[in-house]
Amino acid sequence: MFVIKDTLVSLDLIEKYFVCDLSVCKGQCCIDGDAGAPLLEEEKTGLEINKEKILPLLSPGGRRIVEEEGVSYYDSEGDLVTTLIEGCNCVFSIYSEDGVCMCALEKGYREGKLPNLKPSSCFLYPVRLSKVGSMTALNLHRWKICRCAEKKGRELGIRAYEFLKEPLIRKFGKDWWEELDTVAKEWQKGAIKEKNDKK
């Protein structure tokens, strides 16, 4: 782990390669899982305030669920998460013509129809945040549906933290990301030197 300001950053974030490959995974991370996407209370508030703008962007099933059950619920572990459609898809998931599962919140933001309401747990994925005392820990969540993303990242030479530059800056600020980038490059130089020394 590296200490960057008031955060603890897993080495995986710096070492592992990652670039989403939607042509292969089809956005499966918005479908698989045993609960909705983790939400912060302020994110829930933002969704509720913008509910009327969001509804037209959802699938018919998503609209019905939001109107009947709301934008969120507390799961079995007491965590606040997005509502699901029939226990599967996130209520904000929609599909493109070629069958890729996408986020209606992100699409609405890109089209200028919504403020940026995409939950940070989704925007930052595959990073998961947790509290360690007064610090925030960043860990890389790894599961089988993202193996294609790890493969594509290796092919393109892009590390996970580089792929997540925009969401990391949104969450922690530009100064934080630049410090992480500096640490990562120094670490990689050291790791490369150590590898060469062993030859």
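The values are calculated or read from the model by the stated rules, or taken from the named source; none is laboratory data. These numbers were taken from a predicted model, which means no experiment stands behind them. Here the Cβ positions follow ideal geometry from the backbone for every residue, glycine too, while neighbour counts run over all protein chains shown. Surface areas here come from the heavy atoms of the whole protein model, side chains and all, with no ligands, DNA or RNA. Shrake-Rupley method; radii C 1.70, N 1.55, O 1.52, S 1.80 Å.
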Cα convex hull of segment 103-199: mean projected area in nm², to one decimal? 8.8 nm²
Quick check: the distance between the Cα centres of segment 129-144 and segment 89-124, to the nearest angstrom? 23 Å
Using a Gaussian network for the chain with springs between C-alpha atoms less than 10 Å apart, which of these wobbles most: THR182, THR83, THR45? THR182
Against the 2.2 N^0.38 Å scaling, with N counting residues, where does segment 71-160 land? I'd like the Cα-based Rg ratio to two decimal places. 1.27
Answer with one residue from PRO56, LEU117, GLY70: the one whose Cα lies farthest towards the positive end of the charge dipole of segment 43-148, charges on Cβ with Lys, Arg +1 and Asp, Glu -1. LEU117
How far is helix 60-69 tilted off the main Cα axis of the chain, in degrees rounded to 10, range 0 to 90? 80 degrees
How much accessible area per residue does the chain have, in Å², with a 1.4 Å probe? 57 Å²
Residue order for PHE18, PHE2 - accessible surface, 1.4 angstrom probe, largest first: PHE2, PHE18
So how much accessible area does ASP21 have, in Å² to the nearest 10, using a 1.4 Å probe? 30 Å²
Longer than 18 Å from Cα to Cα, which of LYS107/LYS174; LYS16/LYS151; LYS44/LYS171; LYS165/LYS185 are they? Say none if no pair is. LYS107/LYS174
Where does the Debye-calculated log10 I(q)/I(0) of the chain sit at q = 0.18 Å⁻¹, using only Cα point scatterers of equal weight, no solvent? -1.33
With the Cα gyration tensor of segment 26-103 giving a ≥ b ≥ c as the square roots of its eigenvalues, does the rule (a/c under 1.5 for rounded; else a/b larger than b/c for prolate; else oblate) give rounded, prolate or oblate? oblate
